[in-house]
Amino acid sequence: MIKLTPYNKAIIELTIAGIIWGASFTAVRWALEDFSTTTLMFWRFMLAIVGGEVFLFLVSRKDFDNSWSDLRLSAKAGMCLGVSLLFQIYGLNFTTATNSGFITSLYVILIPIIGTLFFKHKIYPRHILLSLTAFAGMGLLLDLREFTMQKGDVLTLGAALTAALQIIFIGQSAPKAKSAFRFNTFQTFWSLVMVLPFLVFETVAHKVPLAPAAPGMRAVLSVIALAFVVSLFAFYMQVRAQRVLNTTTSSMLCLLEGPFAFFFGAIFLGETLSTIQASGAVLILGSCAFSVFLDRPVDGKS
């Protein structure tokens with residue numbers, strides 16, 4: 001049996017998270033058939049929080065009792081996650097999904113820059129080169145030959161910035177967490193806190209019901225999957241992985257959601273991938289592979 005190092009385990013965990021995030025785009029589209037943006041986020045986060053707390057209480061009462069300090073520790077990452085999702089989803093009302101995906105992926109470039117300027121992270125030329133290559137790959141993947149700036153793109157820039165900060169804050173805080181699982185549950189709680197004002201506005205001002213009167217089974221199952229598979233499991237995998245990986249390698253692997261989103265879109269939504277888009281996917285996958293190889297521990301122990 002092959003024994004995996006903590007580094008290799010972290011790579012596998014974040015890759016699994018990327019695959020799940022890629023599939024989540026299809027689930028979101030199905031859920032939005034019956035739920036509004038904020039009600040979808042409310043039920044997704046609420047189910048994940050309640051499910052996560054109940055699960056930890058039943059499975060590991062010791063971790064449940066001893067990890068309340070993770071509530072404060074996860075605040076910055078959770079707030080950034082909630083704001084990032086809000087910026088991205090509301091931005092989609094005024095721009096295209098292609099523009100949104102491309103601009104949000106700017107976080108792969110922003111992370112080494114922000115980390116160096118504000119958090120004193122050490123940066124290497126290879127990090128900049130690989131980040132730029134991955135970003136170019138995302139441009140090809142989204143086939144931006146008819147890219148035009150729209151007002152929603154400004155909101156989406158906010159999504160890219162807060163996504164970068166979320167990854168940086170997890171990298172800083174996750175190694176200090178008493179429980180990676182509880183840290184993620186609390187991160188989801190803070191995301192919900194950021195969504196609540198928008199939810200109240202939508203339900204009161206626009207008379208949007210908190211739950212649709214007769215939601216379809218596909219929409220309901222999608223919300224459940226987003227709550228337990230994406231918010232609870234995939235983001236838990238991210239927290240675990242970032243206890244080991246640096247933020248640059250983490251951001252590269254997070255970008256894997258792009259190619260996998262197209263892969264699952266082709267399977268479930270009938271979407272196709274052109275030669276240009278396939279080239280972009282190859283660039284992203286190659287950048288991830290080089291980042292994983294170049295940043296691996298020299299002694300192979302961590």
From the list 181, 186, 201, exactly one residue is aromatic (Phe, Trp, Tyr) and at pLDDT below 95. Which is it?
201
Mind checking which pairs have a first residue in region 207-231 that is more than 14 Å from residue 39 (Cβ to Cβ) and a second that is among the polar types (S, T, N, Q) and in a helix (DSSP H, G or I), Cβ under 6 Å, 6 or more apart or different chains?
230/24; 231/188
Consider residue 34 against the criteria (1) surrounded by 17 or more Cβ atoms within 10 Å (Cβ to Cβ); (2) of a type in the set (Asp, Glu); (3) within 14 Å of residue 227 (Cα to Cα): it satisfies all of them except one. Which criterion is unmet?
(3)
Could you tell me which residue of region 1-31 is farthest from residue 226 (Cα to Cα), considering only residues that are among the basic types (Lys, Arg) and in contact (Cβ under 8 Å) with a residue 60 or more places away in the chain?
9
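Could you please let me know if residue 35 is modelled with pLDDT of 90 or more and assigned to a helix (DSSP H, G or I)?
In short, no.
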What do you reckon, is residue 84 small (Gly, Ala, Ser) and either at pLDDT 95 or above or under 21 Å from residue 195 (Cα atoms) (or both)?
yes
Mind listing just one residue for me: the one in region 56-77 that is charged (D, E, K, R) and within 9 Å of residue 182 (Cβ to Cβ) and, of those, surrounded by the fewest Cβ atoms within 10 Å (Cβ to Cβ)?
63
Out of curiosity, is residue 287 surrounded by fewer than 20 Cβ atoms within 10 Å (Cβ to Cβ), more than 30 Å from residue 179 (Cα to Cα) and among the small types (Gly, Ala, Ser)?
no
Exactly one of (1) modelled with pLDDT under 85; (2) surrounded by fewer than 16 Cβ atoms within 10 Å (Cβ to Cβ); (3) over 19 Å from residue 234 (Cα atoms) is unmet by residue 103. Its number?
(2)
Yes or no: residue 143 in contact (Cβ under 8 Å) with a residue 40 or more places away in the chain and on the phi > 0 side of the Ramachandran plot?
yes
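Scan region 172-229 residue by residue and report those that are of a type in the set (S, T, N, Q) and either over 25 Å from residue 77 (Cβ atoms) or assigned to a helix (DSSP H, G or I) (or both). Steps first, answer last, please.
Taking region 172-229 and keeping what is of a type in the set (S, T, N, Q), we get 172-173, 179, 184-185, 187-188, 191, 203, 222.
Within region 172-229, 172, 173, 184, 185, 187, 188, 191, 203, 222 qualify.
The values are calculated or read from the model by the stated rules, or taken from the named source; none is laboratory data. Small disclaimer: the values here were computed from a predicted structure and weren't measured. Counting neighbours? That spans all protein chains shown, and the Cβs are built from the backbone with ideal geometry, glycine included.
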